[in-house]
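Report on one structure; see the data block that follows.
Values quoted throughout were computed directly from the atomic coordinates according to the rules given, and no laboratory measurement underlies them. The shown structure was predicted, so the numbers you read here are calculated from the model rather than taken from an experiment. Counting neighbours? That spans all protein chains shown, and the Cβs are built from the backbone with ideal geometry, glycine included.
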Amino acid sequence: MLLASLSFAFMGGFAKVVSQVLPPVEVTFFRNIFGVVLVGLAIWKVPLKQKGGRPFLLLFRGSMGFAALLAYFYLMAHIPLGEAVTYNKTSPIFVAIFAYVFLKEKLHRSALFAIAIGFIGIVLVAQPQGGSLDKYAILGIFSGIGAALAYTSIRELREYYDTRAIVMSFMAVGTIAPLILMLATPYVNVSEEFDWMFAEFVMPVGVEWGYVTAVGIFATISQLLMTKAYELTKAGIVGTISYSNIVFAVVIGVMLGDPIPDFWTVLGIILVIMSGLIVAFAKK
């Protein structure tokens, strides 16, 4: 899991660099097309074994995962890498809420405490000016909510679909939707609030091809290592170690020119990590 977190942080670093010249929606496309090829080969080699029956929920999972990832890549291009990763790692807080609302799972007292300190942590990281959140904070929270909705839907989908089909739903939507958005961009008037979704395709040149390839490779390596980690030991232990991703991201971000986080940002990051760990251990 440590290697998976390091690989994920490297993916973020390459995504941050290449997003300075390529739009985030295009980076999202390249990040997912590697997964489509690999998962497609796995399905071709060993056919799916599933009963199916929930296509709209499968599409919902893919759409939420794609939207969260797109917001995440946009954030990496505009705010410090460690803060972008922290927003993304708020998903366990929202998973606890959505599992209670939609799946009728019990919400332990410790989970309620975790949700409270998690939201305090989000506020400290966002540091709203004049009592309002800026665009990046809103997109950061959205990336956590979108990822949480995707994860929550997986709990229902795993009863009906092969794991590879669930993963493919995310990768396929994350490949097709960016293409549609980029093709539609010349024909729509996009306000500044939605520039994270729409952008024209920019052909990578020279070293940029290496960057987008690295994004796809490190993302795939991270997924494989994380999956293996969850196979080998308890989910609580793996989930705990996964938060090392934030530390790696802060270090890589500073190396790429991000400012060193101030005291309140660091405190917010610590509270977000604590809330995620408490939620994990509340489920034992």
Quiz item: Using the per-residue mean of other Cβ atoms lying within 10 Å as a proxy for protection, in what order, highest first, do the peptides 203-212, 5-14 fall?
Solution: 5-14, 203-212
Quiz item: How would you classify segment 105-206 from its alpha-carbon gyration tensor, with a ≥ b ≥ c the square roots of the eigenvalues: rounded for a/c under 1.5, else prolate if a/b is greater than b/c, otherwise oblate?
Solution: oblate
Quiz prompt | Positive-end residue, the chain charge dipole about Cα centroid, Cβ charges, pick of Thr220, Val266, Trp196 | solution = Thr220
Quiz item: Could you work out the helix-only [θ] at 222 nm for the chain, with each DSSP H run of four or more residues adding -39,500 (n - 2.57) and the total divided by the number of residues, to the nearest 500 deg cm²/dmol?
Solution: -25000 deg cm²/dmol
Quiz item: Pulled fully out, how much extra length does the chain show between Met255 and Val207, if you take 0.36 nm times their separation in residues and subtract their Cα-Cα distance?
Solution: 15.4 nm
Self-check item: Whole-Å semi-axes of segment 6-77's equivalent ellipsoid (Cα gyration tensor)
Solution: 28, 16, 10
Quiz item: With no solvent and one point on each alpha carbon, what is the Debye value of log10 I(q)/I(0) for segment 163-266 at q = 0.10, 0.19, 0.20 Å⁻¹?
Solution: -0.50, -1.23, -1.22
Quiz item: If you average the sequence gap of Cα pairs under 8 Å that are 6 or more apart and divide by the length of the chain, what percent do you get for the contact order?
Solution: 44
Quiz item: What ranking do 151-163, 98-110 get when scored by the average of other Cβ atoms within 10 Å per residue, highest first?
Solution: 151-163, 98-110
Quiz item: Running Debye on the chain with equal point scatterers at the Cα sites and no solvent, what base-10 log of I(q)/I(0) appears at q = 0.10, 0.11, 0.12, 0.13 Å⁻¹?
Solution: -0.51, -0.63, -0.76, -0.90
Practice problem: Please work out how much length the chain gains when fully extended from Val101 to Phe56, using 0.36 nm per residue of separation minus the C-alpha to C-alpha distance, in nm with one decimal. | Solution: 14.3 nm
Self-check item: Estimated dipole of segment 2-282 in Debye, rounded to 20 [Cβ of Lys and Arg +1, of Asp and Glu -1, Cα centre]
Solution: 1220
Exercise. Set Lys and Arg Cβ to +1 and Asp and Glu Cβ to -1, take the dipole of the chain about its Cα centre, and tell me which of Gly53, Leu124, Ser275 lies farthest positive.
Key: Gly53
Quiz item: With a ≥ b ≥ c the root eigenvalues of the C-alpha gyration tensor of segment 86-126, is it rounded (a/c under 1.5), prolate (a/b larger than b/c) or oblate?
Solution: oblate
Exercise. With the cut-off at 16 Å, report for segment 235-284 the share of all Cα pairs above it, as a whole percent.
Key: 47
Quiz prompt | Convex hull volume of segment 29-128 per residue (C-alpha atoms, cubic angstrom) | solution = 153
